[in-house]
Amino acid sequence: MKVMHFEDAPTKSFEGAGATGVVGRLLIGQADGAPNFAMRLFELAEGGATPRHAHAWEHEVFVHAGKGAVWRNGEWIDVQPGSVVFVPGGEEHQFCNTGSLPLRFVCLIPRGAPEL
């Protein structure tokens, strides 16, 4: 069993190639003995955004803090604390922070996808 505070996980910054103000943390992964899924936490600074992209694997997202939007089928959909997002494999998507505080969300991905 692993029990920790998310802030104790190392951070990885993502900048360039469409990413601005994005920091990720691998919370649970294969090194923890989790063979089927990885849990990541992303934080987008004010004005920050992930790149618009698609990939083969699905992922599930839970918005924990802040205000933002997710790109889906050519339009932006607002998200806020408590919002959940399912992104099927192959679907183009992007997250952006539309508020003045950091947008923080947990993202689950299946085995075989890059953990972070």
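The values are calculated or read from the model by the stated rules, or taken from the named source; none is laboratory data. Just so we're clear, the structure is a prediction, and the values are computed from it rather than from any experiment. Note that each Cβ is placed from the backbone with ideal geometry, even for glycine, and that neighbours are counted across all protein chains shown. Ligands, DNA and RNA are stripped out before the accessible areas are found, and what is left, the full protein with its side chains, is counted by its heavy atoms. Shrake-Rupley method; radii C 1.70, N 1.55, O 1.52, S 1.80 Å.
Worth a mention:
- For the stretch 8-13, 3J(HN,Hα) per residue [Karplus equation, 6.51 cos²θ - 1.76 cosθ + 1.60, θ = phi - 60°, Hz, x = Gly/Pro]: 7, 6, x, 9, 9, 8
- Average accessible surface area per residue within the chain, 1.4 Å rolling probe, Å²: 57
- Assuming charge only on the beta carbon of Lys and Arg (+1) and of Asp and Glu (-1), the dipole of the chain about its Cα centre is about 120 debye to the nearest 20.
- Across the stretch 53-63, coupling constants 3J(HN,Hα) worked out from phi with the 6.51/-1.76/1.60 Karplus curve, θ = phi - 60°, read 7, 9, 8, 6, 8, 7, 8, 10, 10, 10, 7 Hz, and Gly and Pro carry x.
- Only Lys, Arg, Asp and Glu carry charge here, each on its Cβ (+1 for the first two, -1 for the last two); on that basis the stretch 19-85 has a dipole of about 80 debye about its Cα centre.
- Cα-derived Rg over Rh, computed across the chain with Rh taken as Kirkwood radius: 0.94
- Burial order of peptide ranges 70-83, 34-47 (average beta-carbon count within 10 Å, highest first): 34-47, 70-83
- Converting phi to 3J(HN,Hα) with the Karplus coefficients 6.51, -1.76 and 1.60 and the offset θ = phi - 60°, the stretch 81-92 yields x, x, 5, 10, 9, 10, 10, x, x, x, 8, 5 Hz in sequence order, with x at every glycine or proline.
- Ordering A56, G16, G29 by the projection of their Cα atoms onto the charge dipole of the stretch 1-108, which places +1 on the Cβ of Lys and Arg and -1 on the Cβ of Asp and Glu, puts G29 at the extreme positive end.
- Using a probe radius of 1.4 angstrom, the carbon and sulfur fraction of the accessible surface of the stretch 1-49 is 57%.
- Relative contact order (%) - criterion: Cα under 8 Å, at least six apart; region: the chain: 29
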